[in-house]
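What follows is a short report on a single structure.
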Amino acid sequence: MPSLTDPWKLAHLDVPNRVMLAPLAGIGTWFVRLQAKRYGAGMAVSEMVSSFAIHHGNEKTHQELLRVHPDEATAGPGGVWSPTALQLFGQDPDVMRSAAAFVGEHVPGVDIIDLNMGCPVPKVCKTGAGAALIKDPDTAVAVARAAREGSGLPVTVKLRSGQKPGDTDGYALAHRLVDEAGVAAIAFHPRSAAVQHKGVPDYDLAARLVQSLGAPVILTGGLRTPAEIVRAYEHTGVEAVMLARGILGNPWLFGQLLGLRDMLDAPSATEVLDELDWTIDRCVEHLGPERAGRYLRKCYPWYVDRLALEPAVAKRVQAALQQTEDVAGARAVLAPLRPLAAAA
Ligand SMILES: Cc1cc2nc3c(=O)[nH]c(=O)nc-3n(C[C@H](O)[C@H](O)[C@H](O)COP(=O)(O)O)c2cc1C
């Protein structure tokens, strides 16, 4: 069985290792992908982007969500090249073809189109997109074919086991997507849409998919600690693992899995504060200081939780950060933690 550090092929692309960043809506911007790559991720997927918004020329989508940083491809250790995937969602094959063609032609740095057929959010599913496509396999196949033909890029699909616990329609659809639409790999989240992100993923079903699918399977779901992830990788025999909630404020997890850092070596408080500083700077670069100030409020808890502060101090810092209006305010809250971190 290959090691997580071994390269693999996704269509014609050389992926340098088997640990990837999952798509995360409202989170997976260019700087979160860049961060993942800096810490070793062999591939990174963007947050989901509406095919309709691209097709209709939505300005915010084009300026913010289609932004790929020129350093993303070679930000990994040793400057080794690694692919970036852009995730699209939508249920209309013609709109998907048009959006994928736009990305293929006008967004340099995108190597793969990933399609979202797993999002359980009602706002997305009621349009027939996301996990609703699992119930409509003919449309799902048409959407995937349109994305491949439109973009000229390899297409992957991320999907779930089914709608309800025990359903396996997602397993069946994965085969059709590969056999009939030429999908290059399947990212499989073996939880039903009904449980959203809760519960234990069905890794046995993922192992069965690996055995029967004529394309690589990437595993996502429940992958938090190095030991858990290695166990799931070995149990399922998947080609690669895709990390989601486990890396929020914890990009060191990539390095721990890839032998760049000891598995038991948690980041020091100074490393955590340095990484939060880096994130603040990049977010300002992306959104400007004012919007970054508001946007970053969701990110602060991930990092502050890792500082091992006394509970009362942690509570006060978290509350103060949520009150900040701009990044200068956040930096003022964080500055007094530096001496504590250095002394730890
Ligand atoms: C905040 C959040 C946003 C997510 N956004 C997306 C998304 O845009 N596209 C997608 O395919 N999956 C999305 N997911 C699902 C994750 O990619 C991943 O499959 C899921 O969280 C299971 O992995 P985990 O249990 O290790 O977190 C999201 C999950 C979370 C928690």
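When Lys and Arg each count +1 and Asp and Glu each count -1, what net charge do the other residues less than 15 Å away from Ala266, Cβ to Cβ, add up to? Intermediate results must be reported in sequence, preceding the final value.
Values: positive: Arg224, Arg261, Arg306; negative: Asp262, Asp265, Glu271, Asp274, Glu275, Asp305.
After counting each charged neighbour, the total is -3.
How much of the DSSP bridge set in the chain is antiparallel, in percent, rounded to the nearest 5? Present the calculation step by step, with values, prior to reporting the outcome.
Numbers: 3 of 34 bridges.
Roughly 10 percent of the DSSP beta bridges within the chain come out antiparallel.
With a point put 7 Å past each Cα toward its Cβ, work out how far Lys164 is from Lys126 in nm, to one decimal.
With each label point 7 Å from Cα toward Cβ, the separation is 2.1 nm.
Which listed residue (Gly255, Asn116, His69) has the Cα farthest towards the positive end of the charge dipole for the stretch 8-257, taking +1 on Lys and Arg C-beta and -1 on Asp and Glu C-beta about the Cα centre?
Going by the charge dipole, the pick is Gly255.
Using amide H atoms built 1.01 Å from N in the peptide plane, name the residues 5+ places from Leu24, or on other chains, whose amide H lies under 5 Å from its own.
Those lying under 5 Å, H to H, from Leu24 are Glu47, Met48.
Let me spell out the model: positive unit charges on the Cβ of Lys and Arg, negative unit charges on the Cβ of Asp and Glu, origin at the Cα centre of the stretch 8-257. What dipole size does that give, in debye rounded to 20?
Numbers: 23 positive and 23 negative charges, 126 e Å.
About 600 debye.
Roughly how compact is the stretch 8-257, stated as its Cα Rg over 2.2 N^0.38 Å to two decimals? Numbers along the way, then the final one.
Details: Rg = 16.3 Å, N = 250, 2.2 N^0.38 = 17.9 Å.
Compactness ratio reported: 0.91.
Note down the magnitude of the dipole of the stretch 120-195 about its Cα centre, charges +1 on Lys and Arg C-beta and -1 on Asp and Glu C-beta and zero elsewhere, to the nearest 20 debye. Walk me through the intermediate numbers first.
Working: 10 positive and 7 negative charges, 71 e Å.
Around 340 debye, computed over the stretch 120-195.
Given a Förster distance of 22 angstrom, what is the FRET efficiency for Ala320 paired with Ala266, based on the Cβ-Cβ distance and rounded to 0.05? Don't jump to the answer; show the numbers that get you there.
On the way: r = 24 Å, r/R0 = 1.10.
With R0 = 22 Å, the Cβ-Cβ based efficiency is 0.35.
Remind me, what semi-axes does the stretch 45-157 give for its equivalent ellipsoid, largest first in whole Å, using sqrt of 5 times each Cα gyration tensor eigenvalue? Don't skip to the end; give the middle numbers.
Details: eigenvalues 116, 41, 36 Å².
In descending order, the three semi-axes are 24, 14, 13 Å.
Which whole-number percent is the relative contact order of the stretch 150-236 (Cα, under 8 Å, 6+ apart)? Don't skip to the answer; put the middle values down first.
Numbers: 135 pairs, mean separation 24.5, N = 87.
It rounds to 28 percent for the stretch 150-236.
Measuring from centroid to centroid over Cα atoms, what is the spacing of the stretch 143-157 and the stretch 207-273 in Å?
27 Å
If you take the charge dipole of the stretch 8-257 about its Cα centre, with +1 on Lys and Arg Cβ and -1 on Asp and Glu Cβ, which of Pro165, Gly237, His12 is farthest toward its positive end?
Projecting each Cα onto the dipole axis, the largest value belongs to Pro165.
Want the number for Val195 to Thr5: 0.36 nm per residue separation, take away the alpha-carbon distance, what's left?
65.2 nm
With r defined as the distance between the Cβ atoms of Arg331 and Asp204 and R0 fixed at 35 Å, what FRET efficiency is calculated, to the nearest 0.05? Walk me through the intermediate numbers first.
Values: r = 48 Å, r/R0 = 1.37.
That gives a FRET efficiency of 0.15.
Net charge near Arg176: determine it from the other residues with C-beta under 12 Å of the C-beta of Arg176, scoring Lys and Arg +1 and Asp and Glu -1. Each step should come with its number before you reach the end.
Working: positive: Arg145; negative: Asp136, Asp138, Asp169, Asp179, Glu180.
Summing Lys and Arg as +1 and Asp and Glu as -1 gives -4.
Under a crude label model (7 Å from the Cα following the beta-carbon direction), how far is Ala342 from Asp136 in nanometres?
Each label point lies 7 Å from its Cα, and together they span 5.9 nm.
Taking +1 at the Cβ of each Lys and Arg and -1 at the Cβ of each Asp and Glu, which of His286, Ala312, Leu340 sits farthest along the dipole of the stretch 269-343 towards its positive end, judged by Cα position relative to the Cα centre?
So the residue we want is Ala312.
Restricting to Cα pairs below 8 Å that are 6+ residues apart, what does the relative contact order work out to for the chain? Please round to a whole percent.
Numbers: 680 pairs, mean separation 44.3, N = 344.
Rounded, it is 13 percent for the chain.
Please report the net charge: other residues with Cβ closer than 15 Å to the Cβ of Gln323, K and R +1, D and E -1. Each step should come with its number before you reach the end.
Details: positive: Arg294, Arg297, Lys298, Lys315, Arg316, Arg331; negative: Glu325, Asp326.
Local net charge: +4.
Would you mind calculating the relative contact order of the stretch 269-343 from Cα pairs under 8 angstrom and at least 6 residues apart, reporting the percent as a whole number? Please report the intermediate quantities before stating the final value.
Working: 57 pairs, mean separation 29.4, N = 75.
Once normalised by length, the contact order is 39 percent.
Coordinate-derived values only; no laboratory data. Note that the structure is a prediction, hence the values are computed from the model and not measured. With ideal geometry, Cβ positions are generated from the backbone for all residues, glycine too; neighbour counts draw on all protein chains shown.
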